[in-house]
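Below: one structure, written as structure tokens.
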Amino acid sequence: MPIELIKEKCSSPINSVEIGVSGKKVVTIGGESAMPFLFDEGNMPNAPRVALEILDSEPAEWPEELIRPFGDSLKDPVGWAVKCVKDFGAGILCVRLQSTHPDYGSKDADHVIPILKSIIKETAVPLIVIGGGDDERDNIVLPKVSQALKGENCLLGIATQNNYKTLAATALADGHSIIAESPIDINIAKQVNILISDMGFNPHKILMHPTTTSLGYGMEYVYSIMERGRLAAFIGDKMLAMPFILFVGSEAWKTKEAKEAASAQGVNWEITTAVSMLQAGADLLVMRHPEAAENVRKYIEIVMNGGGKK
Amino acid sequence: MIVIGELINGMYKDVGKAIANKESDVIQHLAADQVMAGASVLDVNTGPYSQNPKDDMKWLIETIQGVVQVPLALDSTKADVIEEGLKLVAKRAIINSTNADEAKMAVIFGLAKKYNTQVIGLAMDKSGVPNSKEKRLELAAAIVAKAMEFGINAEDLFLDPIVLPLNVAQAQGSEVLESIREFRLLCDPAPNTTIGLSNVSQGTKFRPLVNRTFLTMAVANGLTSAILDPLDKELMDAMITAELVLNKAIYCDSFLEAYRKR
């Protein structure tokens, strides 16, 4: 007797979030109604997307293998961005405003806004912009950046439970989407989403960052958090129905396994982390190494086409 | 939990008066307020004093559907009144109700099949409300069997063990709670269960406290739906919290608000 597989049907899909402006390029993130790639149970109208990450100033501590593909372009963020799009096929860029962090020069918005505007002009791809990671500085810089990019429908980050008001208010005013982060904690993930939507923010303009950890460093915890959130969203929890974004590049290349080993291992570390996160339900991956990104895009194409079946 | 708002019932003085005088704003406010407070279904009952229940039922449905788009539970002992209503409903309705009498079930399940509705099945028959969980279970099983004969899915049944007032039938509390748990085991997929909650506190002191305590205990026993007053915020909060304890929703600090955003 053939075994009958149990198929779960979801009653409410993940939100679809658009980044970018029509006329230029727009990407739609999320919208799925099944666990990853289970096409017998529901749809994935939008394939997961890969963004390449660039910094607004030359990276200080990147390993040799990560510097190699970009060469001198790392000194010029606009040239770096163009290279990512033209040479490495990036359809989305993520700009990390490292230079605004006190450890990297405390640059002001006046310094980064022209860079961002040039990137938009030269590449015309949808943009993710995240602060340098210092709450105080981010709350000064990001509102000005948000305003300068008004109308570009960017994805801005990062909002947390203890620091979301400034970013949410400014992103709301300027029509951007927002990244809501929680520390590998599904309760806080839900709470941040509620706090942000309580400010009048459209839940369909929020992406969740459940915190990224890489292979060998607790990736399983993130995996199970994402899985739990997803299952709740599918049975109707609107405050967990946001697509997931994961910063796999920055996390994978923090590990000693990636940094210190012979060339291929770092790239493979990033690929493995990325693919695992896709299987956990990631909708948008921010990656660093172009070869890793290319491989992950190929992987997505294969699984979206039914994998071995086709 | 499927919350069925109980307030549009001609038995209540103001509603009865609104029906008699066709004061649509009274009914529409009640409908909108209940939905806003978390009711996903609204009970519609013309009340015992309606001179012309068919017309009143039609008027109520049209009036309610003018402001909210939720399923309605058509509540009448008369099948022809229910049928008049079923012709008008915009969303899949619930018939409230049948009991376990053969003749009654045949009529109600016939209507349910014809109009593709869900049905509330009361675990009672001609001889009245049973006083043991065994008898309740027997009647519930008869309802499930009859529904299946008519090709109605178990998930479309809401089995009601009949809640009695605490002050006159104290021994029935635990019988009812255990019945709720056992009704769920009658078939797979399980039938839904429901209770007319307010009855438990009829004539008692501290009615809201009795209501929310009983509801919490019923939820713990697997209750999937209740006919209640959704405007009682403390009652709704207790229900939401009970479901959270059962891990039916993911905790967050604003869990009450999270539930209401659904």
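Counting just the residues of region A:46-64 that are open to solvent by 30 Å² or more (accessible area, probe 1.4 Å) and out of contact with any Lys or Arg (no Cβ under 8 Å at 6 or more places or on another chain), which one comes out nearest to A:Ala124 (Cα to Cα)? Restricting to residues being open to solvent by 30 Å² or more (accessible area, probe 1.4 Å) and out of contact with any Lys or Arg (no Cβ under 8 Å at 6 or more places or on another chain), the top hit is A:Arg49.
Within region A:211-231, being crowded, with 19+ Cβ neighbours inside 10 Å and within 13 Å of chain B (Cβ to nearest Cβ) holds for A:Ile225, A:Met226, A:Gly229, A:Arg230. Across region A:35-80, the qualifying residues are those that are more than 25 Å from A:Met277 (Cα to Cα) and of a type in the set (Gly, Ala, Ser), and the one among them that is farthest from the chain's Cα centre (by Cα) is A:Gly71.
Evaluate the following for A:Asn193: is it of a type in the set (S, T, N, Q), farther than 23 Å from A:Glu270 by Cα, within 13 Å of chain B (Cβ to nearest Cβ) and open to solvent by 30 Å² or more (accessible area, probe 1.4 Å)? Spelling it out, it is not the case that A:Asn193 is of a type in the set (S, T, N, Q), farther than 23 Å from A:Glu270 by Cα, within 13 Å of chain B (Cβ to nearest Cβ) and open to solvent by 30 Å² or more (accessible area, probe 1.4 Å).
If you scan region A:83-120, which residues turn out to be touching a Phe, Trp or Tyr at 6+ places or on another chain (Cβ under 7 Å) and open to solvent by 40 Å² or more (accessible area, probe 1.4 Å)? A:Lys83, the sole residue that qualifies.
Among the candidates B:Gly203, B:Gly222, B:Gly173, the residue that is under 24 Å from B:Gln118 (Cβ atoms), more than 14 Å from chain A (Cβ to nearest Cβ) and either touching a helix residue (DSSP H, G or I) at 6+ places or on another chain (Cβ under 6 Å) or surrounded by fewer than 23 Cβ atoms within 10 Å (Cβ to Cβ) (or both) is uniquely B:Gly222.
Flag: B:Ala242 matches the condition of being part of a helix (DSSP H, G or I), open to solvent by less than 60 Å² (accessible area, probe 1.4 Å) and either modelled with pLDDT of 95 or more or within 14 Å of chain A (Cβ to nearest Cβ) (or both). Evaluating A:Gly157 against the criteria (1) farther than 25 Å from A:Val26 by Cβ; (2) away from chain B (no Cβ under 14 Å) leaves one unmet condition, (1).
Among the residues of region A:172-185, those identified as touching a helix residue (DSSP H, G or I) at 6+ places or on another chain (Cβ under 7 Å) and open to solvent by less than 10 Å² (accessible area, probe 1.4 Å) are A:His176, A:Ser177, A:Ile178, A:Ala180, A:Ser182. Where helices (runs of 4 or more DSSP H) fall entirely within region B:8-109, those with at least 3 residues that are in contact (Cβ under 8 Å) with a residue 24 or more places away in the chain and in contact with a Leu (Cβ under 9 Å, 6 or more places away or on another chain) are at B:24-36, B:53-65, B:79-86.
For A:Pro203, state whether it is more than 17 Å from A:Arg288 (Cβ to Cβ) and either acidic (Asp, Glu) or more than 11 Å from chain B (Cβ to nearest Cβ) (or both). No: the conditions fail for A:Pro203.
The values are calculated or read from the model by the stated rules, or taken from the named source; none is laboratory data. Everything numeric here is computed off the predicted structure, so don't read it as measured data. Every residue, glycine as well, gets a Cβ built from its backbone with ideal geometry; the counts of neighbours run over all protein chains shown. Heavy atoms of the whole protein, side chains included, go into the accessibility calculation; ligands, DNA and RNA do not. Shrake-Rupley method; radii C 1.70, N 1.55, O 1.52, S 1.80 Å.
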